[in-house]
1. Against the conditions (1) under 21 Å from residue 182 (Cα atoms); (2) surrounded by 15 or more Cβ atoms within 10 Å (Cβ to Cβ), where does residue 348 fall short? Just the number, please.
2. Just to be sure, is residue 72 modelled with pLDDT under 95 and of a type in the set (Gly, Ala, Ser)?
3. Assuming residue 317 fulfils every condition listed in (1) surrounded by fewer than 24 Cβ atoms within 10 Å (Cβ to Cβ); (2) in contact (Cβ under 8 Å) with a residue 24 or more places away in the chain; (3) closer than 16 Å to residue 70 by Cβ apart from one, which condition is it?
4. Find the helices (runs of 4 or more DSSP H) located wholly in the stretch 1-70 whose residues include 2 or more that are among the acidic types (Asp, Glu) and under 19 Å from residue 85 (Cα atoms), and list them.
5. Would you mind listing the helices (runs of 4 or more DSSP H) fully within the stretch 155-214 where at least 3 residues are in contact with a strand residue (DSSP E or B) (Cβ under 7 Å, 6 or more places away or on another chain)?
6. Would it be correct to say that residue 99 is touching a residue at least 60 places away in the same chain (Cβ under 8 Å) and not in a loop (DSSP other than H, G, I, E, B)?
7. Return the residues of the stretch 122-167 that are in contact with a Phe, Trp or Tyr (Cβ under 9 Å, 6 or more places away or on another chain), hydroxyl-bearing (Ser, Thr, Tyr) and either in the same structural domain as residue 18 (by TED's automatic domain parsing) or under 23 Å from residue 243 (Cα atoms) (or both); say none if nothing qualifies.
Amino acid sequence: MRIYLIGAGVISRTHAEAAAKLPEPAELRAADPNPNAIAAFLEKFPGVLTFGSAQDMLDSEPPREDDVVIVGTPPFAHVQLAVAALKSGRHVLCEKPLAMNMEEAELMLATANAHSRLLGCCSVRFKGMHHMEATKRIVRSGELGDIYHMTFVNKWERSRSGIEYQPESPWFLDSSKSGGGVLMDWGPYDMSALLDVLDPVAVDIESAWLAKPVTSADPADLPFDVETHVGASMTFHRNGLPSVHVHYERASCAHGKEYVRAEIEGTRGSVSWTPFDSRQPVYIRQDQEGKLAEHMAEMPPRLPTTIFDHPLLHFYQSVKGLPSFSNVNRRAFDHFLLIRALYDCAQTGMKPQTITIHRDQEVRS
């Protein structure tokens, strides 16, 4: 198998490490116009074929059926590089967010379909983790009764990409390069988790909002026009099951107290977990003889892989036609569509949005 890395920075190095964990040997190629990035990449992965441009790399040899191109650049470059890679006859795994806007996402999907290639997104880093699978099992077992409400909040006080986190990458703060703020940065993981656990066929976005709390650390000499706090009220419609009302909130900067909580409530119990920290238990709360009782859920074995391995490992399974946690083609498009619908709802004065979710190409456990 051959893996073509577009970009030789930190994120591409994690994909290169993941490639070593695939079930079969993988030959690496990497392209980056920055010679310093190439030099740093080769220090860690000596002997890899490198190129000064993505097109030179794609043109260097004929495609094979299972070639995979990973687009590991800032979002503004995703569409051009992904389309070129798909047209070259190779499958494409794109870093999140999938695109900058719906027009780009539509072009990427249409190109993938036209060339019978798979288009995936790295928003699936947390799918398949043992605590997520435990939560899904509980939700789908029926032991919580009729599920009616979900709280999904991850509010950090100071963790803005481009300022406190990865300050060497100020492009995160510029919407013309990033496409948006915390919703584009962390929202893909959040929506992937919500859709994975609740498995809806449609999502209504009743209201949404965006905010940018002000701090003394805000850069005065750089573009900074993205949100750092977002929230929404949604209803997830499930096939043959009661709809679930979802309170969603994500912040990389807030003046309120830091708060992380994921909880699903049903008529016979609740389950709570920490979505992005697999070290934490999953808790079930139910009535016992008129009083609430809480206990830790039984967990499946931990995977030997990390969240940085999962996008490529999941996508590899899709390329090989195996059951997979990867979101590909229309499913990947729907995830991005939900992100953009949240922006549309917030930016049009709370105009409600409804999104249909396609359920094909996803493993069910």
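The values are calculated or read from the model by the stated rules, or taken from the named source; none is laboratory data. What you see is a predicted model; the values in this text were computed from it and never measured. For neighbour counting, all protein chains shown are included, and Cβ atoms are generated from backbone atoms with ideal geometry for every residue, glycine included.
1. Going through the list (1) under 21 Å from residue 182 (Cα atoms); (2) surrounded by 15 or more Cβ atoms within 10 Å (Cβ to Cβ), residue 348 breaks only (2).
2. Working: modelled with pLDDT under 95: no; of a type in the set (Gly, Ala, Ser): yes.
Against the criterion (modelled with pLDDT under 95 and of a type in the set (Gly, Ala, Ser)), residue 72 does not qualify.
3. Result: residue 317 fails condition (2) only.
4. Working: elements: 10-19, 35-44, 54-59.
The qualifying helices (runs of 4 or more DSSP H) are 54-59.
5. Hits in the stretch 155-214: 182-185, 187-198.
6. Judged against the criteria, residue 99 is not a match.
7. Selection gives 135, 151.
Residue by residue, here is whether (1) at pLDDT 95 or above; (2) more than 18 Å from the chain's Cα centre (by Cα); (3) among the aliphatic types (A, V, I, L, M); (4) surrounded by fewer than 21 Cβ atoms within 10 Å (Cβ to Cβ) holds:
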site	(1), (2), (3), (4)
126	no, no, no, yes
176	yes, yes, no, yes
179	yes, no, no, no
183	yes, no, yes, no
